[in-house]
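Note sheet for the following structure.
The values are calculated or read from the model by the stated rules, or taken from the named source; none is laboratory data. Bear in mind that the values here come from a model prediction, so they are computed numbers and not experimental data. Heads up, the Cβs are rebuilt from the backbone with ideal geometry, glycines too, and the neighbour counts pull from every protein chain shown. Side chains included, ligands, DNA and RNA excluded: accessible areas come from the protein's heavy atoms. Shrake-Rupley method; radii C 1.70, N 1.55, O 1.52, S 1.80 Å.
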Amino acid sequence: MSTGQQTEHELYRSEPAVYVYEAPVRIWHWVNALCITVLCVTGYFIGSPLPTMPGEASDHFLMGYIRFAHFAAGYVLAIGFLYRILWAFLGNHHARQLFVVPITNLNWWKGVMHEAKWYAFLTKEPHKYVGHNPLALLFMHVMLVWGTVFMIFTGFALYGEGTGMGSWQFEWFSSWIIPLFGQSQDVHTWHHLIMWVIICFIIMHVYVAIREDIMSRQSMVSTMISGWRTFKDNRAVDDED
Amino acid sequence: MTETFYEVMRRQGITRRSFMKYCSLTATALGLGPAFVPKIAHAMETKPRIPILWLHGLECTCCSESFIRSAHPLAKDVILSMVSLDYDDTIMAAAGHQAEAIIEETIEKYNGNYILAVEGNPPLNQDGMSCIIGGKPFLDQLTHAAEHCKAIISWGSCASYGCVQAAAPNPTQATPVHKVIHNKPIIKVPGCPPIAEVMTAVVTYILTFERMPELDRQGRPKMFYSQRIHDKCYRRPHFDAGQFVESWDDEAARKGYCLYKMGCKGPTTYNACSTIRWNEGTSFPIQAGHGCIGCSEDGFWDKGSWYARLTDIPQFGVEANADKVGATAAAVVGTATAAHIAASAVKRAMQKDAQPGSQKGDE
Amino acid sequence: MSIIKTPNGYDLDSSGRRVVVDPVTRIEGHMRCEVNVDDNNVIRNAVSSGTMWRGLEVILKGRDPRDAWAFVERICGVCTGCHALTSVRAVEDALGIRIPPNAHLIREIMAKTLQVHDHVVHFYHLHALDWVNPVNALKADPKATSQLQQMVSPAHPMSSPGYFRDIQTRIRKFVESGQLGPFKNGYWDNPAYKLPPEADLMAVAHYLEALDLQKDFVKVHTVFGGKNPHPNYLVGGVPCAINMDGDLSAGAPLNMERLNFVKARINEMVAFCNNVLIPDVLAIASFYKDWLYGGGLGAYSVMDYGAYPKVNYDKSTDQLPGGVILNGNWNEVFPVDPRDPEQVQEFVAHSWYSYPDEKMGLHPWDGVTEPNFKLGPNFKGTKTNIQEMDEAAKYSWIKAPRWRGHAVEVGPLSRYTLAYVQGVDYVKNQVDTSVAAFNKLAGTELGAKSVLQSTIGRTLARALEAQYCADMMVDDWTELMGNIKNGDTTTANMEKWDPKTWPKEAKGVGTVAAPRGALGHWIKIKDGRIENYQCVVPTTWNGSPRDPAGNIGAFEASLMNTPMERPDEPVEILRSLHSFDPCLACSTHVMSEDGQELVRVKVR
């Protein structure tokens, strides 16, 4: 962005608040967050089970419950994801942003660089965004779209192994995903590894959301609760379409 | 005079009446009407035993050893009455050029009509001369015999996937059959070795129904490889209950709890061990107290220790698995985040000190 | 070509007609044999070549020592389990792990079950067709066969004329079908077959009986190890925990029913060895009393590490004691130490490997395995289509192990020679009784030494060893039950299961009396991983090529000076080679990773 543009922008004052996240997006976000938490915790305990329960097998169903919670959360996450895709078509243009990354737009890439510098303390001030900042969009798109797709596909492939040949889960997922990775164990390993990648993302996501809430020029955490983006200054925004 | 399927059945004490019943059952199973029953009966009365050439590449002969352990049908009945095992260098009487001549005779007499059974696999390094048959690479014998066969049975994990000699770094470049033979139907019967009764069942299925068994995407017969060991394991209730063996010979091991924590590969292994079991249904590895090592899965040698739940990821060092890699990454991210928080706080404090109210000034 | 005198006393003359047998069938793995016969069709030069290798020792480098047993178990599916046992012993030796008595007894029962199974399958299904002519059995009189059966083995129940008639009918139909299957192109009109039709029919009947029964013998492995071939083993003990009457014992690996099941199988093995195997071997041998060829190094220069201790870790209680006998001197037995770098050494002067100095041998702990597939200047054919080997150069994938430089034979005959010479009562009694029985049947008056030093002696020793192992198992089972009765149900020692408890560097050796002879594994462990792993297996000893001094190995020695009825039909060669029960997948070593790729097929 040229300096000239910036001065021009300064002439126009932004709205004090914009309605960004519609209710369906907000509900999805929090349900998704809950699902991921449940999936990570139960997933970890499927890989490394809790200490043995003494007594009769029929008195307990601990692994059964852990796995049930994992599968239930997995289904909710998958259905939620489909619903989120649907809302990308039905909702406002912010609802589409997560799915559409302007990778051919040089200015957008400059925005990515600018945000990266902001986090590296190399620039004094971040840009001001109504939607996601470019760096956030890049990360969220990779993790929440492709990461989720990967986990849904590998997850259903593993689930289909239990429901067995002839089940739709097996036919749609396991039958081709298992051989694609080599064998079942490889799918388990990848599913497990990507879980950790998502955990890393969540650490950053939560931290950055709070930090942005404090240090950037727009609201963050509250926006995902109320839907309204508020701003700390009234200079022009940088991502006006 | 050539002995037919019918004569074989009669000799084994089966009456004409039950033979005809068998033919009509076969007709029904094949989806054919009653008019076909006499035709099937006629074919069975005149059909010679199907010839099999059983070749051995780089292998350990465990597949042959398993085959002769079959209880139903008995190996002797398969060899004497069901098929014509014309070449199998582990049991054949002839040796040297008399043995080699049999391959040529079979190709000539039964071109396109014999079954090629392969145990082991061809190595490609050293010009293929790490497995020499008749002074030539085994690969020559394999491709020659495969060219004229009707179908190929890849016995065991060697022929199906490569098995132990193909484990990293695969010094001989041992290569599974389907990677060198491309134009023939191949049935993979993996396992190290496969269960005896599974092997004979695949053969008798082909003989009885005169067709290949239905295969899954990886070319394995669905009738034996469509479920994991875990799905039908008798210790499964202990898995669901969260009851695990924690150390060898502990109380849980004596009670027959689940071996999941001891690295059992039952949850990722497709085979019939927990249903058909081994050696006439006597037992199977988990019942005998050791976890499954996953011997019927592709590349099972390189998926980490038999005793580790999580697969090794050698790219991250010899002791790495998904949890170790992931937890390390999460720790790095967490530490970086903490550092960033501190840096941000310092920066913010410095900005506030240097230019108090500078942002407000704009408003 | 002139005659070459070998240091171990053979005159090799390669001027006569060359006969090539490739593949040698009815063995485990792939092997080639070439001989020169003189004008009287007597073998005057013998060349045996191992024609496969798989590189398992390279594959083992860097892996968890606790996993090694499964890799090396796949060296061989015929002697399944013996490499696994050797491996866990080597690892336990390196790490100083002592296994509980129950684990020792269970392993002993598994090892001896393998001996019985392997020896029975070897005799009937790999070896018998060298002596027995199934086509000739069609001429037999079932009634006379029945009488023969009752004469050689009165206790065997399957002996009625009707039984033999049924089997004869089955064979007739099979032969008349024109599809001879595995018997196709056999040497059925060769005069080397000497049995009367009745003995042939009896042997064919037992070929089928043994085929049915062997599958039951191995169920001992299925109970203890979960499957067979390739049962499971465990460093530190055995994985099959014992729970006789505690909570949930019904689902335990071992309970009263399981142990009774094992006992029933042991009883079957004892009965089969007593009533079928030993009588058959003696009966067949007596018909071949004039064919006492094939001795070679057998009962002459022999070695074994010793096996089956009554008290674990006490070699002095070995029920088959080890040692070395050289040059037929039964009065002196040298002790063997597999750790001594001067004793067991491997040479590669005639093997497709290279050493820095090929005149020297290397102890397995320091073993080097560099491949060097090179054919000598006088070989005939092309590199991928060998017509004749040049034995003056490298000619085998098998290395040449030597004991203090001496070529020795290993195997049941070697163990029996050592046990007989060292006065093991059971063995002395067995050998003396069976030699007497042989003399009675054959009408000869031969001593133990002359019967044993032959192909027949090798086969007899194997059968006797099967019988001994079956009997020893009865003792082991009883001792196991005694331990359990006394309240000891421990089956594994887990003190050093965790690699954190291991020393930074360790090395160990494990030995086992494998069905084919003395088996040793040498392991070096560093930082919890395998640094070096070397196996020296029985067929490496027996099938070894010449060493730098020119000594020929046991296979080659056994073929020397044997007359052949028809050089084109290698019945006599097969007979002597099979008497060793060759296992080529076992014997052949490894190569490094940098072999050249063959680009003649498209791999996808």
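Conditions (1) open to solvent by less than 40 Å² (accessible area, probe 1.4 Å); (2) not in a helix (DSSP H, G or I), marked per residue:
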| site | (1), (2) |
| --- | --- |
| B:C264 | yes, yes |
| B:I276 | no, yes |
| B:D298 | no, yes |
| B:V333 | yes, no |
| B:A339 | no, no |
| B:R348 | no, no |
**Request:** Test B:A71 against the criterion of being open to solvent by less than 10 Å² (accessible area, probe 1.4 Å) and either closer than 19 Å to C:E28 by Cα or in contact (Cβ under 8 Å) with a residue 40 or more places away in the chain (or both), and give yes or no.
**Result:** no
**Lone unmet requirement of (1) among the hydrophobic types (A, V, I, L, M, F, W, C); (2) under 14 Å from the mean Cα position of the chain (by Cα); (3) surrounded by fewer than 17 Cβ atoms within 10 Å (Cβ to Cβ) for A:I36** = (3)
**Asked** Any residue at all in the range C:124-135 that is at negative phi, more than 13 Å from chain B (Cβ to nearest Cβ) and crowded, with 22+ Cβ neighbours inside 10 Å?
**Response** no
**Subset of the range A:222-237 (residues that are buried (at least 16 other Cβ atoms within 10 Å of the Cβ) and either modelled with pLDDT of 90 or more or more than 11 Å from chain B (Cβ to nearest Cβ) (or both))** = A:T223, A:M224, A:G227, A:R229, A:F231, A:A236, A:V237
**Asked** Picking from B:G281, B:G304, B:G291, which residue would you name as being small (G, A, S), farther than 28 Å from A:E171 by Cβ, open to solvent by less than 10 Å² (accessible area, probe 1.4 Å) and part of a loop (DSSP other than H, G, I, E, B)?
**Response** B:G291
**Residue in the range C:298-320 that is part of a helix (DSSP H, G or I) and β-branched (V, I, T) present** = yes
**Only one of A:G131, A:G147, A:G160 that is in contact with a Phe, Trp or Tyr (Cβ under 6 Å, 6 or more places away or on another chain) and not hydroxyl-bearing (S, T, Y)** = A:G160
**Message:** When you scan the range B:315-327, do you find a residue that is modelled with pLDDT under 90, in contact with a Ser or Thr (Cβ under 8 Å, 6 or more places away or on another chain) and over 16 Å from C:D67 (Cβ atoms), even just one?
**Reply:** yes
**Request:** Provide a single number: the residues in the range C:530-568 that are out of contact with any Cys (no Cβ under 6 Å at 6 or more places or on another chain), of a type outside the set (A, V, I, L, M), buried (at least 24 other Cβ atoms within 10 Å of the Cβ) and under 24 Å from C:H122 (Cα atoms).
**Result:** 12
**Request:** Could you pull out the residue among B:L116, B:L139 that is touching a residue at least 24 places away in the same chain (Cβ under 8 Å), buried (at least 24 other Cβ atoms within 10 Å of the Cβ) and at the interface with chain C (Cβ under 8 Å from one of its Cβ atoms)?
**Result:** B:L139
**Item:** helices (runs of 4 or more DSSP H) (entirely within the range A:113-232) containing at least 3 residues that are touching a residue at least 24 places away in the same chain (Cβ under 8 Å)
**Value:** A:134-140, A:148-163, A:184-215, A:223-226
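Here's the yes/no breakdown for (1) modelled with pLDDT of 95 or more; (2) closer than 18 Å to A:W28 by Cα:
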| site | (1), (2) |
| --- | --- |
| A:T148 | yes, yes |
| A:I152 | yes, yes |
| A:F173 | yes, no |
| A:I214 | no, no |
| A:M220 | no, yes |
| A:D241 | no, no |
**Prompt:** Are any residues in the range C:180-220 assigned to a helix (DSSP H, G or I), acidic (D, E) and free of Cβ contacts under 8 Å to residues at least 60 places away in the same chain, and if so, which ones?
**Reply:** C:E198, C:D212, C:D216
**Prompt:** So which of B:M223, B:M199 is closer than 25 Å to B:K76 by Cα and more than 14 Å from chain C (Cβ to nearest Cβ)?
**Reply:** B:M223
**Request:** Select, from A:T37, A:T104, A:T52, A:T42, the only residue that is farther than 30 Å from B:A345 by Cα and at pLDDT 95 or above.
**Result:** A:T42
**Request:** Would you be able to tell me the number of residues in the range C:231-268 that are closer than 26 Å to B:V198 by Cβ, more than 9 Å from chain B (Cβ to nearest Cβ) and either open to solvent by less than 10 Å² (accessible area, probe 1.4 Å) or among the hydrophobic types (A, V, I, L, M, F, W, C) (or both)?
**Result:** 2
**Fill in**
The helices (runs of 4 or more DSSP H) lying entirely within the range C:39-140 that contain at least 3 residues which are within 27 Å of B:L124 (Cβ to Cβ) are C:56-60, C:68-73
**Request:** Could you please find all residues in the range B:142-156 being surrounded by fewer than 24 Cβ atoms within 10 Å (Cβ to Cβ) and in a helix (DSSP H, G or I)?
**Result:** B:T143, B:H144, B:A145, B:A146, B:E147
**Request:** Restricting attention to the range C:331-355, report how many residues are surrounded by fewer than 18 Cβ atoms within 10 Å (Cβ to Cβ) and either among the polar types (S, T, N, Q) or in contact with an Asp or Glu (Cβ under 9 Å, 6 or more places away or on another chain) (or both).
**Result:** 3
**Asked** Looking at (1) modelled with pLDDT under 95; (2) open to solvent by less than 30 Å² (accessible area, probe 1.4 Å); (3) in contact with a His (Cβ under 8 Å, 6 or more places away or on another chain), which is the only condition C:S301 fails?
**Response** (1)
**Request:** Read through the list (1) touching a residue at least 12 places away in the same chain (Cβ under 8 Å); (2) more than 8 Å from chain B (Cβ to nearest Cβ); (3) polar (S, T, N, Q), then give the number of the only condition that C:N228 fails.
**Result:** (2)
**Asked** From the list B:A168, B:A159, B:A99, which residue is within 24 Å of the chain's Cα centre (by Cα) and part of a helix (DSSP H, G or I)?
**Response** B:A159
**Asked** Going through the range B:166-181 one residue at a time, which ones are of a type outside the set (G, A, S) and either in contact (Cβ under 8 Å) with a residue 40 or more places away in the chain or outside the structural domain of B:G156 (by TED's automatic domain parsing) (or both)?
**Response** B:P171, B:T172, B:Q173, B:T175, B:P176, B:V177, B:H178, B:V180
**Message:** Return the residues of the range C:275-290 that are open to solvent by less than 20 Å² (accessible area, probe 1.4 Å) and either not in a helix (DSSP H, G or I) or not hydrophobic (A, V, I, L, M, F, W, C) (or both); say none if nothing qualifies.
**Reply:** C:P279, C:D280, C:S286, C:Y288
**Selection within the range A:57-111 - hydrophobic (A, V, I, L, M, F, W, C), closer than 30 Å to C:A250 by Cβ, open to solvent by 60 Å² or more (accessible area, probe 1.4 Å) and in a helix (DSSP H, G or I)** = A:F68
**Complete:** Scanning the range C:55-94 for residues that are open to solvent by 10 Å² or more (accessible area, probe 1.4 Å) and of a type in the set (K, R) gives C:K61, C:R63, C:R66, C:R89
